[in-house]
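Inspection log for the structure reproduced underneath, given as structure tokens.
The values are calculated or read from the model by the stated rules, or taken from the named source; none is laboratory data. All figures in this text were calculated on a predicted structure; none of them were measured in a lab. Cβ coordinates were reconstructed from backbone atoms using ideal geometry, including for glycine residues, and neighbour counts include every protein chain displayed.
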Amino acid sequence: MAEKGEAAGKRRAKVVTRKYDAYVVAAHANGRLFGVGFGDGAVRLVDSENIDADPTTIAAHDGAVLSLAPDINPGFFLSGGDDGKVMRSGPPSVSELIAEEKGRWIDHVTAHAESGTRVYSVGKEATILGKKGTRKLKHPTAVGGLAINPKGKRLAVSHYNGVSLWWLGTEGSATVLEWKGSHLNLAWSPDGDYVISIMQENSLHGWRLSDNEHMRMTGYGAKVRSMAFTKRGHFLATGGADAIICWPFTGGGPMGRAPLEFGYAGGAPVTAVASNPKHDVLAAGFEDGTVLIGQPGPATPALIVMGENKAAVTAMAWNPDGDRLLAGCEDGTLHVADFRL
């Protein structure tokens, strides 16, 4: 456990902060742009090359943004809303309808640029929008999360009592990874051999696909709301505790091994994590608005934001070069940190 007296290191970035009047739902990077989805239906584009410039605001949805993902085109973002629309937003102020399910909520969206695939979910159904047309996939219960593997060949769909794996390029039934309980957000390991789901209870469950080995990751004091593999896949970082919990994924996975913990920030739980795309560095946001970055291990992480607004960090994203970081909070605050000092 991280020492309770651990203090964050000196701030090492220029930080620009803005405030909006809506909850930050999700944030991602696609090329030089960050895309941020808000509870008022707006998607805002933040230029990571010029963080002092005002973001572009696009009125993407007539209602709340429920989900957001990088689109298949650089600089564009795919969003789902409670207005039943799947929208594509990008520069200069593009807002394009991709699909519509009238009277229903678009709970989850994802996309894979190299394969040219978009996926969204409504209730028990996931819809693939690919180069070969549209394909609808039925599941036994409501979809809890979507994730396409790094190679863009398989889709993981979580639901009650397990995760269904579908091949994107061919018709056929799913391979079901079974485990009792409600499965929500999903993550693939960088090598594509592990699938991890966040459970409704305070735990994670995973599968090693090479031999169907189960992995249970428990002991959290709060619900896990975010997870991310480090760049090389050596650790899976998660929230759900008052420090960043990093499960080891070298040497066969985490079973029978204790997680590494670091980044204590005064007792508030970690609510969001993001993995740097260039280095084995993690960013963590806390329920009190604090943002830290560091590497798994004993070194003291760097303090980026003190958490003066006391609003939980709900979304985080790194730019592709790994030297700028965006963090959004439930009160509509956006922080963008530039580490090119």
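Observations on the model:
- Residue in segment 263-279 that is charged (D, E, K, R), closer than 23 Å to M199 by Cβ and more than 14 Å from the chain's Cα centre (by Cα) present: no
- Residue list for segment 239-262, filter: closer than 26 Å to T175 by Cα and under 18 Å from the mean Cα position of the chain (by Cα): W247
- Residue within segment 278-291 that is of a type in the set (A, V, I, L, M) and touching a residue at least 60 places away in the same chain (Cβ under 8 Å) present: no
- Residue within segment 159-182 that is under 24 Å from A29 (Cα atoms) and touching a Phe, Trp or Tyr at 6+ places or on another chain (Cβ under 6 Å) present: no
- Subset tally (residues that are farther than 17 Å from K153 by Cα and in a strand (DSSP E or B)) for segment 117-127: 3
- Taking segment 42-116 and the strands (runs of 3 or more DSSP E) fully enclosed by it, the elements with 1 or more residues that are modelled with pLDDT of 95 or more and crowded, with 21+ Cβ neighbours inside 10 Å are at 42-47, 56-59, 65-70, 77-81, 85-90, 108-112.
- Some residue of segment 287-298 being among the small types (G, A, S), more than 20 Å from the chain's Cα centre (by Cα) and more than 21 Å from Y23 (Cα to Cα): yes
- Leading residue by the ranking (surrounded by the fewest Cβ atoms within 10 Å (Cβ to Cβ)) among those in segment 117-138 that are of a type in the set (A, V, I, L, M, F, W, C) and touching an Asp or Glu at 6+ places or on another chain (Cβ under 8 Å): L137
- Any hit, segment 201-222, residues being in contact (Cβ under 8 Å) with a residue 60 or more places away in the chain and either part of a strand (DSSP E or B) or in contact with a Cys (Cβ under 8 Å, 6 or more places away or on another chain) (or both): no
- Filter result (part of a strand (DSSP E or B) and either charged (D, E, K, R) or without any contact (Cβ under 8 Å) to a residue 24 or more places away in the chain (or both)) within segment 128-143: G133, T134, R135, K136, K138
- Evaluating S89 against the criteria (1) out of contact with any Leu (no Cβ under 8 Å at 6 or more places or on another chain); (2) farther than 20 Å from E125 by Cβ leaves one unmet condition, (1).
- The numbered conditions (1) modelled with pLDDT of 95 or more; (2) over 22 Å from H112 (Cβ atoms); (3) not basic (K, R) are all true for E201 except (1).
- All of (1) closer than 16 Å to R154 by Cα; (2) surrounded by 22 or more Cβ atoms within 10 Å (Cβ to Cβ); (3) in contact with a Gly (Cβ under 8 Å, 6 or more places away or on another chain) hold for W207 with one exception: (3).
- Some residue of segment 117-129 being among the acidic types (D, E) and within 20 Å of the chain's Cα centre (by Cα): no
- Lone unmet requirement of (1) in contact (Cβ under 8 Å) with a residue 12 or more places away in the chain; (2) more than 21 Å from T314 (Cβ to Cβ) for A53: (1)
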